[in-house]
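Heads up: the structure comes next, in structure tokens.
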Amino acid sequence: MPRSRMRRSGREWFSSLPACLLLLAVVVFSTSSDIHNQMLRGGEQLWGGYYKLRSDPVEPTCDPNRDLEGAIAEELASGSDLDDDLLDLLGSEPKDPEKVRQSVEQALEDCQNRHERYEEIRDRLTPAVRAYRSVELFVADLIAFGLESQRFILVILVMLCAATATLTRHHIAMRAMQTRLDYTVSHALQSVANFMLLGSSALFRHSTVAAGGDVSPERMLLHNLWVIGFAVLTLASLYRLFRPPVDLEPGGSLNKAFLAVPLYTVMCLISGTYFALIGHASGIGIYLGTMMELADMFLNVALYVWVGMMLKQTCMAALVFNVFRPWRMPPEMLAVVAVLVAAIPTAYTGASGIFVIAAGAVIYSELRAAGARRQLALAATAMSGSLGVVLRPCLLVVVIAYLNREVTTDELFGWGIWVFLLTATLFMVVALSVNRQNRFDFAPVSEALPATLSALKPLVPYALVMASIILFYLWALDVRMDEFSAPRLLPVIMLGILLYEHISARRHARKDSEALTHQGLEHSIRGATNDTTSEIGALLLLLGLSVSIGGVIERSHLMGLFPQAFESAWSAMLLMVVLLVILGMIMDAFGAVILVSATVAGIAYASGIDPIHFWMVTLVAFEFGYLSPPVALNHLLTRQVVGEAEIAAAQAEPGTFYQRHERIIMPLITMAIALVLVAFVPLLFYAV
């Protein structure tokens, strides 16, 4: 192997590689439970009653050959040492010989049965059973270790990736840092926020120790990891503050500089200031600690980000666009197709923002290559992750069902299909009727159909790889592809696809060593993980601070200003829509769901709103919020993946007000109409 291929940057050694190992560990730990279940079933099939053979039997201490008559006589004699006067004083009666006989006979029989079971189990513990058992128990221990280590893996992953996002200037903000003033203001406030997080975590640790009682080593280790992590994060932001890059533009505007401050920093400053003013400075640390209660959910988010980044490394998105390119669709129609097709991978990547990060750049570039104007391509890119959040197996819906016993995933996904069809239809109508600038001049079927069928052929191997892995899990591990298994199956599927592309590249480029270098499996995984570390750091830190903002809203009793129940479901729904859209504007989806479950949901139920209806409205309202200024998270992520140059070029394009702001207005029209219909039309059928 050439020496150049072995070179790794410091970031790859100290950030990407550990993050990759941690993510792989999560997949291994979660898959080991499936393997263990199958091993238990296999052991039961091979050796009936295998559960009895999982541990060495303990030989009973009783004597199975004890003389019955002698034991009875001994038992009867045990109470004969007391004289009659003492027996009368204690109120005891002489032992009944018949009852003593029955008791001794039963005890002797039980003793003999225990010895028989002991002999039976000992005889069945053959070398084959012992070998099988050792492997099965090792897997069981691995599962137990994995469950216990989830919280530690999450803390290390968050801190590692957050520091990486800080050093690479990859945190999510309203605008990118362009000038020296942008850089100074952003990193100065990041340093303040990170020091605030450090202080809050340290105070939380101190209060836990000062409270007395037994603090488990595991809990103390978690406290220490948070403190160490935020100390590293503070040092990373200070390092960046005093080591600015040389390519920054001089000068800058203070108003624009504040827009370059990451959203997590703003949330931290708000929540930290609030908690300090009410004399509860450890508040942020406490609410960040609540992330540990849902460690598996946040780790699944990280896995979905990794899946998205691996998808970005493959050729799948470009190959899918090749299927539609022969029809010569107008750009507006192709934008509709792109958003509809993106709904399925969105559902499998957990949330809209994750998919925009993963595939937004490909969607934008393909639409631009097909002749779409920049504003239309940006609108479709931002919308690409919005329609699929109601489809199976979206992680957000699973979290809703987990936190709310009033609904199930089957019910939510069942109605989610109808919501998807509604929003898809509305987007198609808006895209094809408002500001359409191209005629419908499709290619003839005789010309387009053969080309489409030919374009489908390269996708067949991908389908076979996916089907093979899914069937293997189904037949070998009895695991079906659903919303619960998707987080651990999808990374394996994407690794299989990358392996296929690697083998295919080697077969077609054996004579081109440079091509082999850039298309290798290790290179793709490394590139995906490099992107993943920054994205996980930006997303999970934002999510954690969203939980903290939720804590501010909860502790400030803002919801107490509203009635706990409305007489009219219509009035309640109107308030719910406004609140949910605002939450979608300012909070991450998972943090917002946690807050809504604890506060708003109860008011909705008490006001006569059906729980399933309420959560469908919540999902649509959140997506509307993610597309709405002033924050518009999906647009911020779009800006992050397509680059500031394209955004600036789109804003410089001439045209009407709608044409100059189409990337914002088109998604808002679509989701606003969908929100009104989803929120109020069902009330006509069940509201009194």
Just to verify a result, which residue in the range 106-153, among those that are among the charged types (D, E, K, R) and more than 23 Å from V58 (Cα to Cα), is surrounded by the most Cβ atoms within 10 Å (Cβ to Cβ)?
R151
Give me the pairs: first residue in the range 302-325 and under 27 Å from V155 (Cβ atoms), second residue of a type in the set (D, E, K, R), beta-carbon distance under 7 Å, and six or more apart or on different chains, which are they?
V305/E535; M309/D531; M309/E535; K312/D531
When the range 180-224 is checked residue by residue, the ones that are surrounded by fewer than 22 Cβ atoms within 10 Å (Cβ to Cβ), farther than 16 Å from S282 by Cβ and in contact (Cβ under 8 Å) with a residue 60 or more places away in the chain are R180, L181, Y183, T184, V185, L189, V192, E218, L221
The number of residues in the range 590-625 that are hydroxyl-bearing (S, T, Y), touching an Asp or Glu at 6+ places or on another chain (Cβ under 9 Å) and part of a helix (DSSP H, G or I) is 1
Is there any pair with a first residue in the range 380-391 that is assigned by TED's automatic domain parsing to the domain that holds M428 and a second that is of a type in the set (D, E) and buried (at least 24 other Cβ atoms within 10 Å of the Cβ) whose Cβ atoms are under 6 Å apart and which are 6 or more apart or on different chains, and what are they?
S386/E623
Listed by first then second residue, the pairs whose first member lies in the range 595-609 and is more than 15 Å from I400 (Cβ to Cβ), whose partner is surrounded by fewer than 22 Cβ atoms within 10 Å (Cβ to Cβ) and of a type in the set (V, I, T), with beta carbons under 8 Å and at least 6 positions apart or on separate chains, are G608/V688
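If a residue has to be of a type in the set (F, W, Y) and more than 26 Å from V678 (Cα to Cα) to count, how many in the range 422-444 make the cut?
Residues of the range 422-444 of a type in the set (F, W, Y): 427, 440, 442.
Remaining after also requiring more than 26 Å from V678 (Cα to Cα): 440, 442.
Residues in the range 422-444 being of a type in the set (F, W, Y) and more than 26 Å from V678 (Cα to Cα): 2 in total.
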Take A302 and tell me if it is hydrophobic (A, V, I, L, M, F, W, C) and surrounded by 24 or more Cβ atoms within 10 Å (Cβ to Cβ).
yes
When the range 442-488 is examined, which residues are found to be of a type in the set (D, E, K, R), over 30 Å from T31 (Cβ atoms) and in contact (Cβ under 8 Å) with a residue 40 or more places away in the chain?
E447
Wholly within the range 203-289, which helices (runs of 4 or more DSSP H) include no fewer than the required count, namely at least 2 residues that are of a type in the set (S, T, N, Q), assigned by TED's automatic domain parsing to the domain that holds T164 and under 17 Å from H170 (Cα atoms)?
217-242
Could you list all residues from the range 521-541 that are more than 13 Å from I284 (Cα to Cα), under 19 Å from the mean Cα position of the chain (by Cα) and hydrophobic (A, V, I, L, M, F, W, C)?
A528, I536, A538, L539, L540
Could we say that E406 is assigned by TED's automatic domain parsing to the domain that holds L677, touching a residue at least 60 places away in the same chain (Cβ under 8 Å), out of contact with any Ser or Thr (no Cβ under 8 Å at 6 or more places or on another chain) and in a helix (DSSP H, G or I) here?
no
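The values are calculated or read from the model by the stated rules, or taken from the named source; none is laboratory data. As the structure is a computational prediction, the values presented were derived from the model and not from experiment. Quick reminder, even Gly has a Cβ in these numbers, built from the backbone with ideal geometry, and neighbours come from all protein chains shown.
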